Amino acid sequence: MKVLFATSEVWPLLKTGGLGDVSYSLPHALTEKNIDVRLVLPAYRDVLHELDSFKTIGWLQLNLAGVTRDVRILEATHEQFEMPIWLVDYQQLFDREGNPYTHANGHDWPDNAERFALFSMAVAALSLDKLNIGWKADVVHCNDWQTGLVAAFLDHEPERPRRIFTIHNLAYSGSFSKEEFNRLKLPSAWWSMEGVEFYGNLSMLKAGIVYSDAVTTVSPTYAKEICTAEFGYGLEGVLSSRSYKLSGILNGIDTKVWNPATDSLIPFNFTAQRRNPGKQKNKKALLESYGITADKDKLEAPLLGLVGRLVEQKGIDMVLEAIPRILAETNANIVIIGTGHAYIEAQLNQLNQKYPERVLVFIGYDEEKAHLLEAGSDIFLMPSRFEPCGLNQMYSLSYGTLPIVNRTGGLADTVIDIGETVAESADFAAAKDSEEQAPKPNGFVLDKANTEELIKTIMRALSTFENKKSWQKLQRNAMTQDFSWEKSAGAYIEIYNG
Ligand code: ADP
Ligand code: GLC
């Protein structure tokens with residue numbers, strides 16, 4: 001089976017969040033199951049710099065906005081990739097510094113509609129072997145709004161591949177004005193309620209949902225949530241009326257990259273069976289990396305960690321409100337790594353200035369620091385308001401860093417509260433085969449996303465932390481859970497088969 005996997009970011013070439021991780025690890029898991037995968041993404045400047053080598057494999061002539069453009073297709077290799085990487089090279093739109101979606105000033109690139117419409121057009125053409133290189137896709141697997149138009153461009157192609165669209169986050173819809181739709185000269189037949197039109201705008205996300213043969217999202221619970229008004233961003237009707245083709249498949253994690261036994265980015269490796277002294281030594285290294293003297297008291301005090309995009313989705317505002325209370329009432333310390341909204345970054349810096357020994361902050365994107373935080377913290381904070389899947393809680397569980405999460409999306413499907421019986425965690429159980437071993441408690445779950453509930457749950461976690469026996473049991477449960485792609489990759493193949 002030939003699968004063209006289209007994405008707007010992929011680790012380690014270019015990543016802004018979990019989509020980058022999944023775009024690397026899922027295609028590799030598919031390759032292990034003998035699927036012939038080609039990965040395709042735009043030839044951003046930063047990606048070209050990362051590659052070992054690339055060559056031109058052909059040119060596509062694509063007409064967008066009334067202009068015929070010569071788009072070069074590159075085939076690249078990189079030591080960490082087991083499959084060829086195809087790049088859609090159109091310098092005017094992709095040869096830019098930095099972030100794939102936004103300008104350095106934080107605003108979206110003004111020509112994003114044109115950029116991702118052209119990319120999607122190229123993906124559709126490649127899937128049909130318009131390059132005449134003898135590789136025609138059986139399946140085109142698209143991800144998020146940036147690739148939403150692929151399915152639409154293929155709609156009238158009689159020999160088209162099966163179209164799969166995965167929603168990683170419904171909050172980002174790829175919405176553009178009617179004027180932009182007209183300017184790009186996209187087919188007028190698309191402009192309807194059953195097409196790309198969404199409250200008077202063009203929605204590339206809706207295009208992916210409407211025109212694809214199957215729609216997936218990244219956890220079973222999120223698949224249900226997005227069919228409701230609370231999580232659907234107005235698309236709940238579109239989604240629930242298409243529930244026959246909608247399913248939730250839990251993301252896996254790349255156990256070569258995120259494995260405390262082999263992780264080369266952490267100073268001390270450890271396993272579920274032999275956690276200490278490795279984990280404790282990482283804690284010391286983590287504290288020292290922020291210039292803190294890691295004496296006995298500091299090492300014994302619980303350390304809470306957080307890595308993530310500093311946006312409302314992640315519940316970071318609740319964490320900011322909770323911090324002063326937690327510091328006043330307990331001996332816990334906190335370390336936070338992230339980038340995002342400027343006002344959140346500023347508030348974190350202020351907390352660090354006020355409590356330099358107890359609130360440790362790194363504003364920026366740094367993978368090595370993220371790995372050390374996962375390895376060296378005791379508790380991971382992830383009280384997201386919604387979370388399609390979430391990878392960080394799974395990384396934390398694998399590293400014996402017990403997560404505090406809100407009961408939503410993929411967090412509900414992966415974290416079982418210490419006080420919960422397995423029967424209560426119906427969604428988690430539903431996500432697993434009945435013959436599989438029942439999941440065991442591995443963390444702390446808020447029932448509602450608010451600051452009071454977060455503080456209460458942190459206090460509950462901190463009092464469990466005092467009880468070394470209970471804590472170790474939870475850590476063992478967490479670290480022996482299977483988060484590999486093995487099962488989920490199989491579920492995607494079933495969907496590819498139709
Ligand atoms: P989302 O995709 O919504 O951002 P996920 O939990 O699925 O959330 O994935 C986030 C990924 O991005 C994880 O691999 C996480 O470690 C990484 N990440 C986020 N922010 C940073 C940062 N500031 N430095 C390093 N890694 C980060
Ligand atoms: C999105 C979601 C996150 C998910 C990731 C990968 O960025 O916010 O929950 O884990 O995609 O699917």
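The values are calculated or read from the model by the stated rules, or taken from the named source; none is laboratory data. Note that the coordinates shown come from a computational prediction; the quantities given were computed from them, not determined experimentally. When we count neighbours, we look across all protein chains shown, and the Cβ atoms used for this are built from the backbone with ideal geometry, even at glycine. All accessible areas refer to the heavy atoms of the entire protein, side chains included, with ligands and DNA or RNA removed. Shrake-Rupley method; radii C 1.70, N 1.55, O 1.52, S 1.80 Å.
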- Query: Any idea how many residues of the stretch 53-69 are open to solvent by 60 Å² or more (accessible area, probe 1.4 Å) and either more than 31 Å from the chain's Cα centre (by Cα) or not assigned by TED's automatic domain parsing to the domain that holds ARG183 (or both)?
  - Reply: 5
- Query: Which number in (1) in contact (Cβ under 8 Å) with a residue 12 or more places away in the chain; (2) more than 16 Å from ligand 2 (Cβ to nearest atom) marks the one condition that ASP144 misses?
  - Reply: (2)
- Query: How many of the residues in the stretch 472-493 are surrounded by 15 or more Cβ atoms within 10 Å (Cβ to Cβ) and over 28 Å from the mean Cα position of the chain (by Cα)?
  - Reply: 1
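The rows are residues; the columns are (1) more than 16 Å from ligand 1 (Cβ to nearest atom); (2) buried (at least 20 other Cβ atoms within 10 Å of the Cβ); (3) in a loop (DSSP other than H, G, I, E, B).
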{"position": "LYS206", "(1), (2), (3)": "yes, yes, no"}
{"position": "ILE209", "(1), (2), (3)": "yes, yes, no"}
{"position": "THR221", "(1), (2), (3)": "no, yes, no"}
{"position": "ALA261", "(1), (2), (3)": "yes, no, yes"}
- Item | GLU312 within 16 Å of ligand 1 (Cβ to nearest atom), closer than 19 Å to VAL361 by Cβ and surrounded by fewer than 18 Cβ atoms within 10 Å (Cβ to Cβ) | yes
- Task: Residue by residue through the stretch 5-62, note down the ones that are away from ligand 1 (no atom under 16 Å from the Cβ), over 18 Å from ILE495 (Cβ atoms), in contact with a Ser or Thr (Cβ under 6 Å, 6 or more places away or on another chain) and not polar (S, T, N, Q).
- Result: LEU41, ASP52
- Query: What strands (runs of 3 or more DSSP E) lie completely within the stretch 322-392 and have 2 or more residues being at pLDDT 95 or above and out of contact with any Pro (no Cβ under 8 Å at 6 or more places or on another chain)?
  - Reply: 333-340, 359-363
- Note on the structure: Per the filter on the stretch 115-154, residues surrounded by fewer than 24 Cβ atoms within 10 Å (Cβ to Cβ) and of a type in the set (Asp, Glu) are ASP129, ASP138
- Note on the structure: Among PRO383, PRO356, the single one that is in the same structural domain as ILE292 (by TED's automatic domain parsing), closer than 30 Å to ILE249 by Cβ and not polar (S, T, N, Q) is PRO383
- Item | In the stretch 315-364, the residues that are among the acidic types (Asp, Glu), more than 12 Å from ligand 1 (Cβ to nearest atom) and free of Cβ contacts under 8 Å to residues at least 40 places away in the same chain | ASP317
- Checked LEU372, LEU351, LEU381, LEU360 against criteria (within 19 Å of LYS279 (Cβ to Cβ), open to solvent by 10 Å² or more (accessible area, probe 1.4 Å) and not charged (D, E, K, R)); the one match is LEU372
- Query: What number goes with the only condition from (1) out of contact with any Ser or Thr (no Cβ under 6 Å at 6 or more places or on another chain); (2) outside any helix (DSSP H, G or I); (3) free of Cβ contacts under 8 Å to residues at least 60 places away in the same chain that CYS227 does not pass?
  - Reply: (1)
- Task: Return a yes/no flag: does the stretch 70-79 have any residue that is of a type in the set (Asp, Glu), surrounded by 16 or more Cβ atoms within 10 Å (Cβ to Cβ) and either touching a residue at least 24 places away in the same chain (Cβ under 8 Å) or in a helix (DSSP H, G or I) (or both).
- Result: no
- Does the stretch 177-187 contain at least one residue that is touching a helix residue (DSSP H, G or I) at 6+ places or on another chain (Cβ under 6 Å), within 16 Å of ligand 2 (Cβ to nearest atom) and either open to solvent by 20 Å² or more (accessible area, probe 1.4 Å) or at pLDDT 95 or above (or both)? no
- Item | Residue check for ARG38: out of contact with any Pro (no Cβ under 9 Å at 6 or more places or on another chain), open to solvent by 10 Å² or more (accessible area, probe 1.4 Å) and away from ligand 2 (no atom under 16 Å from the Cβ) | no
- Item | Selected residue (only one of ALA137, ALA151 is in contact (Cβ under 8 Å) with a residue 40 or more places away in the chain and in contact with a Leu (Cβ under 8 Å, 6 or more places away or on another chain)) | ALA137
- Message: Looking at the structure I just gave you, is TYR244 of a type in the set (Ser, Thr, Tyr), more than 24 Å from TRP485 (Cα to Cα), in the same structural domain as TYR199 (by TED's automatic domain parsing) and part of a loop (DSSP other than H, G, I, E, B)?
- Response: no
- Task: Please go through the stretch 365-408 and pick out each residue that is without any contact (Cβ under 8 Å) to a residue 60 or more places away in the chain, near ligand 1 (Cβ under 8 Å from one of its atoms) and in contact with a strand residue (DSSP E or B) (Cβ under 6 Å, 6 or more places away or on another chain).
- Result: TYR365, GLN393
- Note on the structure: Scanning the stretch 224-249 residue by residue, those closer than 28 Å to ALA449 by Cβ, more than 16 Å from ligand 1 (Cβ to nearest atom) and touching a strand residue (DSSP E or B) at 6+ places or on another chain (Cβ under 7 Å) turn out to be LEU239, ARG242, LEU246, SER247
- Message: Going by what's in this entry, would ALA104 be described as open to solvent by 10 Å² or more (accessible area, probe 1.4 Å) and farther than 28 Å from VAL215 by Cα?
- Response: yes
